[in-house]
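I have placed the structure first, in the form of structure tokens, so that the comments after it can refer back to it.
Coordinate-derived values only; no laboratory data. Note that the coordinates shown come from a computational prediction; the quantities given were computed from them, not determined experimentally. Reconstructed Cβ throughout: ideal geometry from the backbone, glycine too, with neighbour counts over all protein chains shown.
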Amino acid sequence: MRCITIESNRAEAAGIKYRSKRKRGLKMTTGQRKTEEKQNLRGGKGVTVFEYLLDEKQLDGRCRMFAKLTVKPHSSIGYHVHQGDSETYYILSGRGVYNDNQEKTYEVKPGDVTYTGSGFGHSVENTGDEDLVFIALIIYSDR
């Protein structure tokens, strides 16, 4: 597994605090998950499909999103800046180009992890002929 850590300690610099508060009684999710297809996401191009892994109640106000995203071939999620939250991608399949804060671009492939802290931006483009599939986790930095 390759982990892309750009600007080391960005999480610390962004003031992200990690907490471990387990709530008893939460159940594993099974069955039907909410899916949604979005066109030209964040000014990007083409189609991105969201499969939400946990719903808003299960995220308990600490996370904005935990989902599996599928960026269709030759599609992209446009550049956007995170304020008050951070986003991590874990690439499951496919290949693409990840733009980190408009400073550097990286080729991403299965097993790669990207991190974008609060105050920083990113985009991703599927440059291949197969779906680019990854887990996306957005965590609030001020909660």
Find the all-direction average of the projected area of the Cα convex hull for the range 34-140, expressing the result in square nanometres with one decimal place.
6.0
GluC sites (Glu not before Pro) within the range 42-112: DSSP coil, no more than 13 neighbouring Cβ in 10 Å
103
